[in-house]
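What follows is one structure encoded as structure tokens, with my remarks underneath.
The values are calculated or read from the model by the stated rules, or taken from the named source; none is laboratory data. What you see is a predicted model; the values in this text were computed from it and never measured. Here Cβ is always computed from backbone atoms with ideal geometry, including for glycine, and neighbour counts include all displayed protein chains. Just so you know, the surface numbers come from the protein's heavy atoms only, side chains and all, with ligands and any DNA or RNA stripped out. Shrake-Rupley method; radii C 1.70, N 1.55, O 1.52, S 1.80 Å.
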Amino acid sequence: MKIALMDSGIGLLAATAAVRRLRPDADLVLSLDPDGMPWGPRTPEDLTARALAVAEAAATRRPDALIVGCNTATVHALTALRARLEPELPVIGTVPAIKPAAAGGGHLAIWATPATTGSTYQRTLIRDFAGGVPVTEVPCWGLAEAVERADEAAIDAAVSAAAALTPDEVTTVVLGCTHYELVAERIRAAVQRPGRPPLVLHGSAGAVAAQALRRLGRQPAPGATPHGSLTVLLSGREGPLPATALAYAEGRLLQAVTPAG
């Protein structure tokens, strides 16, 4: 089994690590776009063009499924990606975990990029899945970019700024950008209030990995022999895992348990 994942940068690491934990025997193809990143500031048309190019580079490696490991790319490019690649190649998007987070009740905060915060897309998810709970949308200025650079000081500053916008009564935080899952525990520490119940965090990586296996009709096998390979494509060119990936546990996991593709 071979599963490809795509993003402009290392935001796909969380979903990649989730796939690796569920199926350590699966071959992985990571298709990144260092020549075109970041995608967030691009127009939807430009972003879609970049995403199609990155997806088609991954498709040349003949994967069984393709995960779009980026919330922004899912919003703007998923329809075009599916039109281009399905049904031959199943395409799985990444959606913020608003529905399961809201099911737990309590005040919900959605941490997302400024472009996504307040967007029609996010407001529709809130309306459809979180109508019965109080919701605060929190724009996280510069956090995804800081995580991408593995800039510790900038990560701390961005997390602190977003935490200051998060009401004290929040019990659950949705990590609405895949980059944020790489610093989930730092977010937890910044938002957790003394004397309050333990904060609940909801990311998308685990659900996306599980959905990819379901689309393929395959079962999780976390105990399988970890012989799956790892291939990295950088704007279509085969290369190494970006050095910044190794700043995070998810990146180190990939390096530790996978041979070169």
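Residue check, residue 23 against (1) crowded, with 20+ Cβ neighbours inside 10 Å; (2) modelled with pLDDT under 95, all met but one. Which one?
Here residue 23 meets the rest and fails (2).
Among the residues of the range 194-201, is there at least one that is touching a Cys at 6+ places or on another chain (Cβ under 7 Å) and crowded, with 16+ Cβ neighbours inside 10 Å?
Within the range 194-201 (the criterion being touching a Cys at 6+ places or on another chain (Cβ under 7 Å) and crowded, with 16+ Cβ neighbours inside 10 Å), the answer is no, since none of the residues qualifies.
Test residue 25 against the criterion of being free of Cβ contacts under 8 Å to residues at least 12 places away in the same chain and more than 16 Å from the chain's Cα centre (by Cα), and give yes or no. Before you say what the answer is, go through the steps one by one.
On the way: free of Cβ contacts under 8 Å to residues at least 12 places away in the same chain: no; more than 16 Å from the chain's Cα centre (by Cα): yes.
For residue 25, the condition - free of Cβ contacts under 8 Å to residues at least 12 places away in the same chain and more than 16 Å from the chain's Cα centre (by Cα) - is not met.
Quick check on this structure: which one of 256, 209, 224 is closer than 22 Å to residue 29 by Cα, in a helix (DSSP H, G or I) and at pLDDT below 95?
After ruling out the rest, the residue left standing is 256.
For the range 1-18, which residues satisfy the criterion of being among the hydrophobic types (A, V, I, L, M, F, W, C) and either farther than 20 Å from residue 72 by Cβ or in contact with an Asp or Glu (Cβ under 9 Å, 6 or more places away or on another chain) (or both)?
1, 3, 4, 6, 10, 13, 14, 15, 17, 18
How many of the residues in the range 202-234 are polar (S, T, N, Q), open to solvent by less than 40 Å² (accessible area, probe 1.4 Å) and in contact with a strand residue (DSSP E or B) (Cβ under 6 Å, 6 or more places away or on another chain)?
Within the range 202-234, residues that are polar (S, T, N, Q), open to solvent by less than 40 Å² (accessible area, probe 1.4 Å) and in contact with a strand residue (DSSP E or B) (Cβ under 6 Å, 6 or more places away or on another chain) number 2.
Restricting to the range 51-74, give me the number of residues that are surrounded by 22 or more Cβ atoms within 10 Å (Cβ to Cβ) and either out of contact with any strand residue (DSSP E or B) (no Cβ under 8 Å at 6 or more places or on another chain) or not small (Gly, Ala, Ser) (or both).
Residues meeting the conditions: 9.
Please verify whether the range 137-153 includes one or more residues that are assigned to a loop (DSSP other than H, G, I, E, B), loosely packed, with under 14 Cβ neighbours inside 10 Å and at pLDDT 95 or above.
no
Looking only at the range 235-255, count how many residues are more than 18 Å from the chain's Cα centre (by Cα) and closer than 18 Å to residue 145 by Cα. Steps first, please.
So in the range 235-255, the residues more than 18 Å from the chain's Cα centre (by Cα) come out as 235-240, 243, 255.
After this cut, where a residue has to be closer than 18 Å to residue 145 by Cα as well, the list is 243.
Matching residues across the range 235-255 total 1.
Can you name every residue in the range 154-176 that is over 16 Å from the mean Cα position of the chain (by Cα), open to solvent by less than 50 Å² (accessible area, probe 1.4 Å) and among the aliphatic types (A, V, I, L, M)?
154, 155, 158, 159, 162, 163, 170
Looking at the range 77-97 only, could you name the residues that are touching a residue at least 12 places away in the same chain (Cβ under 8 Å), surrounded by fewer than 21 Cβ atoms within 10 Å (Cβ to Cβ) and farther than 20 Å from residue 17 by Cβ?
Matches in the range 77-97: 78, 80, 84, 85, 89, 90.
Here are some residues: 215, 193, 186, 127. Which one is assigned to a loop (DSSP other than H, G, I, E, B) and charged (D, E, K, R)?
Going through 215, 193, 186, 127 in turn, the sole match is 193.
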